1. Between B:V37, B:S364, B:Y589, whose Cα lies farthest towards the positive end of the dipole of chain B when Lys and Arg beta carbons carry +1 and Asp and Glu beta carbons carry -1, centred on the Cα centre?
2. If you keep only loop residues by DSSP, which chymotrypsin sites (Phe, Trp or Tyr not before Pro) in the stretch B:219-255 have at most 13 other Cβ atoms within 10 Å of their Cβ?
3. How much mean residue ellipticity at 222 nm does chain A get from its helices, if each DSSP H run of length 4 or more adds -39500 (n - 2.57) and you divide by all residues, to the nearest 500 deg cm²/dmol?
4. Between B:K622 and B:E549, 0.36 nm times their residue separation minus their Cα-Cα distance comes to what?
5. Which of A:K12/B:K508; A:K12/B:K495; B:K520/B:K635 have a Cα-Cα distance over 28 Å?
6. What is the Cα centroid distance between the stretch B:591-667 and the stretch B:473-512, reported in whole angstrom?
7. Could you pull the accessible area for A:W14 with a 1.4 Å probe, rounded to 10 Å²?
8. Go through the stretch B:75-152 and name the chymotrypsin sites (Phe, Trp or Tyr not before Pro) that are in a DSSP coil and have 15 or fewer other Cβ atoms within 10 Å of their Cβ.
Amino acid sequence: MSEKYNPPEIEKKWRQKWESDHLYAVSENSDRPKRYELTMFPYTSGNLHVGHWFAMAPADVHARFMRMNGYNVIHPIGFDAFGLPAENAAIKQNIHPHKWTMDNVENMRRQLRTIGAIYDWDREVITCQPDYYRWT
Amino acid sequence: MAYRANAPANWCPKCQTVLANEQVTGEGVCERCDTPVIRKDMEQWFFRITKYADELMQHDGLDWPERVKIMQRNWVGRSEGAEISFDISEYGFDEKEIRVFTTRPDTTFGVTFMVLAPEHPLVKKLTTPECREKVEEYVDWCRRQSEIERLSTEKEKTGVFIGAYATNRLNGDRVPIWITDYVLFSYGTGAVMAVPGHDQRDFEMAAKFGMDIRVVIAPEEYNGEEFTEAYEEPGTMTNSAQFDGMPSEKGKKAITEWMGKEGFGKGAISYRLRDWLISRQRYWGAPIPMVYCDKCGIVPVLEKDLPVLLPEDAEFKPTGESPLKYHEAFVNTTCPQCGGPARRETDTLDTFMCSNWYFLRYASPKYEDGPFDPEKIKYWLPVDLYTGGVEHAVMHLFYARFFTKALRDIGLLNFDEPFLKLFNQGTIILNQQKMSKSRGNVVDPDDLVAEYGADAVRAYLMFIGPWEQGGEWNDNGLVGLSRWINRIWNLILEKKSGTASIAPETEKELRHHTHKTIKKVHNDLDALQFNTMLAALMEFTNLLGKVKEANDVKGNAAWQEAIEALLLMLAPTAPHLTEELWERIGYTYSIHNQSFPVWEEALAAADEITLVVQVNGKVREKLAVPASIGEEEAKQLAQSQEKIKTHLDNHEIVKIIYVPGKLVNIVVK
């Protein structure tokens, strides 16, 4: 037998390559028909669980399928970051809501990356950032 | 679109904060400190979402789940009926009438009293001196009730007579005016005509306080007996002057037309939907960009000065008032109009404001000259497929549609609907409960990814059940999927295989299954049916395993076609694994830039069966036919065979028995 299947190693390798190649970056300059597939962005509650994956992985599978069918597919991701849960958690843990939220974003980004989805991270949107909410 | 108004809110005097209806318990106390909650009028910002009520009820051309459309329509709560005027001119006030909305104008002759909301401004004016004390006491008591409690149909009816009367213009009756908590000032006109014969709440009220119960809609075969409960169904109009004998459904229209002519009322539409209150007295939200100037009044912050930054150094612990109020550097500013000293709005925006247009920002996330680049919006929007939980059916999906329509009307968007197709996935269950952080039954994906790989977790989640239903999480299920993925790894990379050279029939079968599977997987993916898609791929891998075990597959074109198709079909589900295998068997990077495989219909459909042809029960011929063959076709085919013909010559055919997929037996004599 040639070699055993070693998912952590393989998955990390390809994720890094896809990202450095911008394999899933999309732009309007394409002769393919556009296709916008959107999954509801998660609240920055801290940790993704497999329930989040259940929303995101199949959505990514479909987006990938459409990509293979010749569409110019945008399948973006971001974070819903304002609101009471952040404020209440921050009060309870005695840290600033901004820090609490951005720490969570950091962790959830890492987790979301492991899904191996075609998210174009250059398009990430976070609602509590001034460059976003100035337009709200 | 945005306006400022006074609105009653649930107020906890101890926490000094506004509470949502859901934060007030059934006993009318604050869920945090058990203090009785009162209703307090507060100046707040609103969005005029009601302007779009009718449009938001329409979902034309949208591929959405029916239940979401129904929930949104119910949320708007459009009802048709009539607005009817009751005369109070006898008191000599400026107000000569009380207007009510009703969906049952056909029952107007059955009005025996009127009810006003305790907050109705006419209550103070109309209350007679002898009733004053009781009325004031009751109004105070109502203020302490939450809206949920007030609207509860379960509880005992309460109310007081205010001493005044209104005249029903239809029949000249002077009916007493009461106040009761189940009429809310913020709904409709804040006044209700009470028809105890045909409205259960009014019936209970009348039964308790001794008002008349008048039958004006007769049920079928009604003999004039007293009602023991309100009759709310259609019937025949009675005690209704010239309308007597008319079916009540028809009467609705007739009575409305007549009232219109007489000037007593007119047809009207009422909505349950209320304007969207967007002010929040909390810290963690986007500041409302408004400034209060003593000279100029309320002035919006200039676009060039946006965003109004949320100061990080504010004391954010809830004190009841907006935390920003005590941040002097934030509050004190200059008026954008006159440059004089001014104060900032210190409430923040409802978080839904930020989360209901994010899908527009993705098109140009770094655009600095506006919320989005119009050219890019034109290219990417609207969203073709939106997936998410059904819990967002009303709030999020409703507000996002409202934003889209409002932005369209100021010329920023050129489409009417943001999400063309909506799909609600189901939920993952663990220990009989929806998986959630608050229930403490979450499964952390990090460890699973480290042990089994993301591809196995992805595949397992899609195999757990239909996507719209979800299913119960089970570690053994994941182990099973992980084994399957390992089998694919070995199937493709293992050099060892059988020794027989592939027979033409095997090759044919292989190609048939390859194309059949491509067709099935394509159609399932298209329809978001991931679990059956994976089942087809598993069946296909089993077949490939058997073929490889028996045969030397090396260099065989049908085998190569099958392997290539398998990887491409699996690429969306297991992107890492397939990329690795794709490279290892010598294809060029990346598999994710390949096209999805295409099936040949003839090969996909070529499922053949052996059809046995008998004459009088004796086997005379065996035919290879498509599995999809129909009865007539099979019978014709059997009779046209040369070998069969010889047995039929000079015989009369009595009957032909057909067993689908198996045989044709021709009975002759």
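The values are calculated or read from the model by the stated rules, or taken from the named source; none is laboratory data. Not measured: the values here are computed from a predicted model. Because the Cβ atoms are built from the backbone with ideal geometry, glycine has one as well, and the counts that use them run over all protein chains shown. Side chains included, ligands, DNA and RNA excluded: accessible areas come from the protein's heavy atoms. Shrake-Rupley method; radii C 1.70, N 1.55, O 1.52, S 1.80 Å.
1. B:Y589
2. Numbers: sites: B:Y222, B:F227, B:Y231, B:F243; in loops: B:Y222, B:F227, B:Y231.
Those that pass, being in a loop and sparsely packed, number zero.
3. On the way: 5 runs with 67 residues, N = 136.
Rounded to the nearest 500, the figure is -15500 deg cm²/dmol.
4. On the way: separation 73, 0.36 × 73 = 26.28 nm, distance 3.06 nm.
Using 0.36 nm per residue and subtracting the Cα-Cα distance, I get 23.2 nm.
5. Numbers: A:K12/B:K508 39 Å; A:K12/B:K495 26 Å; B:K520/B:K635 30 Å.
From A:K12/B:K508; A:K12/B:K495; B:K520/B:K635, over 28 Å: A:K12/B:K508; B:K520/B:K635.
6. Answer, in whole Å: 32.
7. For A:W14, the solvent-accessible surface is approximately 10 Å².
8. Details: sites: B:W75, B:F86, B:Y91, B:F93, B:F101, B:F109, B:F113, B:Y138, B:W141; in loops: B:F93.
Within the stretch B:75-152, the qualifying chymotrypsin sites (Phe, Trp or Tyr not before Pro) (loop, at most 15 other Cβ atoms within 10 Å) are B:F93.
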